[in-house]
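J.: Sharing a structure, written as structure tokens. Questions coming.
The values are calculated or read from the model by the stated rules, or taken from the named source; none is laboratory data. A quick note: this is a predicted structure, and the numbers were derived from the prediction, not measured. So basically every Cβ, Gly included, is an ideal-geometry build from the backbone, and we count neighbours across all protein chains shown. Keep in mind that these areas ignore ligands, DNA and RNA; they rest on the heavy atoms of the full protein, side chains included. Shrake-Rupley method; radii C 1.70, N 1.55, O 1.52, S 1.80 Å.
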Amino acid sequence: MIERYTRPEIGRIWSEEAKYAAWLRVEIEVCEAYHRRGRIPADVMPRIRTLSVDVARILAIQERVKHEMISLLTSIEEQLGAESRFVHIGLTTNDVWDTALALQCRDAVDLLIAGQERLRHALGVLAVRHKDTLIAGRTHGVHAEPTTFGLKVAVWYDEARRNLDRMRRAREIIAVGKLSGAVGNFANVEPEIEDEVCRALGLQAAPASTQIVQRDRHAEFCAMLAIAAASMEKIALEVRGLQRTEVLEVQEPFSEGQKGSSAMPHKRNPELAERVCGLARLVRTNAQAALDNVALWHERDISHSSVERVILPDSTIVLDYMLHLTTFIVEGLEVDVARMAENLERSYGLVYSQRVLLKLTDAGLPRQRAYEIVQRSAMRAWRERRSFFELLTADAEVTEHLAADDLKTCFDPAWYLRHVDTIFRRVGLTDGGHA
């Protein structure tokens, strides 16, 4: 992933040095297991434990041998000499590669879990702050009924919890190693060695494998990343919609001295939210590639390898960046409460139409007839830009069934908000904080 979207901590996990260090760590843990069984002499282990990674040297060897694992083993031989025969006993490349990859994915998802927790916290703070902030609820982009901005954010907060749950499950799915050999039947390594080494590395041993850990795990991992990205895209898309000039109910952070356009000095664009939306597409696309990696020839082919070198680092790095950026947007979001109230009135009171419909049916009118009566005045309100309430009070078929006071109660927004506290409690939010 390009430097622009790579935060240092997660970038280090996917560096070449970190990759080879993880490979070496697996090799050393296997040696430790063999040493405990007496297969590697005690006087050899101190030298094995102090093996180091020289990326430049490994890459130089690779230019000649065209094989990453052999390049690492050759560099180990240069450090150990004849005692290098104790390293990589009974292993195939993917025993080391897949187990080390699990370490990298696990460490990466730990950072993502922390980032998701920070985002969820920010959403909780914003939701509680605006629990009672009235806003027009919109369906199909059109005014529907009154709601609150806090309730809109509470929905995102609850979804952030589900993404946390998915990330934690994905951590369990991906944190799996294997040392079962070339076709997964433990021909040259005992299953007990695999169990022991995986435990030492903080991994589970794959119950059954071929030459590789099965790629449905990686597909599920990438699907989790894609869902988390899609949830942030949803938040960002809402910010973009609400920041449109005609709406202007919220605006993403805009710092002193920032410029929105090289041509138009007045521009203040939702470019951060747009960036979130764009990057979500990338993570989704990578999830498709991970699904394509599940089906391989027989016990293994190498078609998945080149794909994973791109999609696993890129998807985790991008998601880490998206979490940071979305949290920044949420924490710095400018909410225009007055504009929300003003916009609610722009539809002439039409947001209360269902209440009038239900009042008329309660008064004994057949539903379809009541619907026609209410719709008639609603369409006039749109066309003539007149008060919906006033048109209803002038409609004899309405006043025949509803007294003026009964009709007026239909236009009280408090009716629509009476269960907001209940919803907040259900998602773990209270005025004093959040779960």
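J.: Please give the helix 191-201 orientation as an angle from the longest Cα principal axis of the chain, in degrees from 0 to 90, rounded to the nearest 10.
T.: Rounded to the nearest ten degrees, it is 60.
J.: Hey, any idea what % of the stretch 359-434's accessible area is carbon plus sulfur with a 1.4 Å probe?
T.: Carbon and sulfur together cover 49 percent of it.
J.: Further question on the same structure: Using alpha-carbon positions, what is the distance between the centroids of the stretch 1-69 and the stretch 89-105, in Å?
T.: Computed from Cα coordinates, the inter-centre distance equals 11 Å.
J.: In whole percent, and with a 1.4 Å probe on the protein chains, what portion of the accessible area of the stretch 186-310 is carbon and sulfur?
T.: The nonpolar share, carbon plus sulfur, comes to 53 percent.
J.: Taking a probe of 1.4 angstrom, what is the accessible area of LYS359 in Å², to the nearest 10?
T.: About 60 Å², ignoring ligands and nucleic acids.
J.: On average, how much accessible surface per residue is there in the chain, in Å², for a 1.4 Å probe, leaving out ligands, DNA and RNA? If you can, show how the numbers build up before the last one.
T.: Details: 21050 Å² over 435 residues.
Value for the chain: 48 Å² per residue.
J.: Could you tell me which residue out of CYS31, LEU279, ALA378 lies farthest along the dipole of the chain toward its positive end? Charges go on the beta carbon: Lys and Arg +1, Asp and Glu -1, centred on the Cα centre.
T.: Positive-most Cα among the choices belongs to ALA378.
J.: Here is a follow-up. Label the stretch 272-366 by shape, choosing from rounded, prolate and oblate, from the square roots a ≥ b ≥ c of the eigenvalues of the Cα gyration tensor; if a/c is under 1.5 it is rounded, and otherwise prolate applies when a/b is larger than b/c, oblate when it is not.
T.: Verdict is oblate for the stretch 272-366.
J.: Considering lysine pairs in the chain that are 8 or more places apart or on different chains, how many have Cα atoms under 16 Å apart?
T.: 4
J.: Among LYS66, LYS131, LYS234, which one shows the highest mean-square fluctuation when the chain is modelled as a Gaussian network with alpha-carbon springs under 10 Å?
T.: LYS66
J.: So, with a 1.4 angstrom probe, what is the percent of accessible area on the stretch 1-157 that is carbon and sulfur?
T.: Working: 3540 of 6900 Å².
Taking all protein chains in place, the stretch 1-157 shows 51 percent carbon and sulfur surface.
J.: Just want the answer: with Cβ charges of +1 for Lys and Arg and -1 for Asp and Glu, which residue in LEU350, ILE13, THR430 is farthest toward the dipole's positive end in the chain?
T.: Value: LEU350.
J.: Give me the percent of Cα-Cα pairs in the chain that sit more than 43 Å apart, rounded to a whole number.
T.: That tail contains 36 percent of the Cα-Cα pairs.
J.: Further question on the same structure: Give the distance, in whole Å, between the Cα centre of the stretch 236-302 and the Cα centre of the stretch 332-367.
T.: Between the Cα centres of the stretch 236-302 and the stretch 332-367 lies a distance of 32 Å.
J.: Applying a 10 Å radius around every beta-carbon, put 44-51, 279-286 in order of their mean neighbour count, most first.
T.: Working: 44-51: 14.6, 279-286: 19.4.
Ranking, from highest mean packing down: 279-286, 44-51.
J.: Sticking with this structure for a sec: Assuming a viscosity of 1.306 mPa s and a temperature of 10 °C, what translational diffusion coefficient in µm² per second does Stokes-Einstein assign to the stretch 340-435, Rh being the Kirkwood radius over Cα pairs? Present the calculation step by step, with values, prior to reporting the outcome.
T.: Numbers: Rh = 14.8 Å.
Value of D from the Cα-based Kirkwood radius: 107 µm²/s.
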